[in-house]
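Taking it in order: structure first as structure tokens, then the write-up.
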Amino acid sequence: MESKLIIIRGNSGSGKTTTAKNLQNELGHGTLLVSQDIVRREMLKVHDRDGNLSIDLIRQIAEYGKDRCEFVIVEGILYKHRYGEMLKHLIQFFNQKSYTYYFDLSFEETVKRHNSSSKKMEFGEDSLRDWWTPNDYLGVDGEKILTNDMSQNDVLKLILNQLQK
């Protein structure tokens, strides 16, 4: 089995986790979803700092999925300066069978999406502004930029169409 790696990145509140969960549901059983928040905050309880333990564990879990799962989804803010090297390693590890997406939304759109999510009570606009890193592209071949005018459904269709090529 040739596994496919799907990387979904973007600022907090942009819709990454919702997209990744919807995609996992569409792709079905045996689709591995590696969520940065789950690994970093729940499994390890570490701060998102350079060299934090979650970087290596995300890589190891994703590598485990290769040749075991048809699809491996890695999802999170995944700042380029902190996670970029690891993500580029994974793209190579998956023999370039990878699809990379970056939610490049305006701050206003991000706040709007966040306020309509279940996480709106966990943190607010001030936190979103503190974490905000615009244009944090990974800069790899084929990276798709997801914009304000794309609905959750549009994004899901785009990814599913690309996976079928």
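Some notes on this structure:
- Counting 0.36 nm for each residue step from Leu57 to Phe93 and taking away their Cα separation leaves a gain of 11.5 nm.
- The 1.4 Å probe gives accessible areas that order Glu75, Glu143, largest first, as Glu143, Glu75.
- Share antiparallel - DSSP beta bridges, the chain, percent rounded to 5: 0
- Convex hull per residue volume in Å³, alpha carbons only, for the stretch 106-163: 107
- Accessible area of Val46 in the full protein assembly, 1.4 Å probe (Å², nearest 10): 30
- Taken along the Cα-to-beta-carbon direction at a fixed 7 Å, the label points for Asn153 and Glu122 span 2.6 nm.
- Set Lys97/Lys119; Lys144/Lys165; Lys21/Lys66 screened for pairs whose C-alpha atoms are more than 25 Å apart: Lys97/Lys119
- A crude spin-label estimate for the pair Tyr79 and Glu26, with each label 7 Å from Cα along the Cβ direction, gives 3.1 nm.
- The residues packed around Lys80, meaning those with a beta-carbon under 14 Å from its beta-carbon, carry a net charge of -3 if Lys and Arg are +1 and Asp and Glu are -1.
- Full-extension gain in nm, Phe107 to Trp131, via 0.36 nm per residue minus C-alpha separation: 7.6 nm
The values are calculated or read from the model by the stated rules, or taken from the named source; none is laboratory data. In this text, all values refer to a predicted model and were calculated from it rather than measured experimentally. Note: ideal-geometry Cβ built from the backbone for every residue, glycine included; neighbour counts use all protein chains shown. Remember, those area values only see protein heavy atoms, side chains included, never the ligands or the DNA or RNA. Shrake-Rupley method; radii C 1.70, N 1.55, O 1.52, S 1.80 Å.
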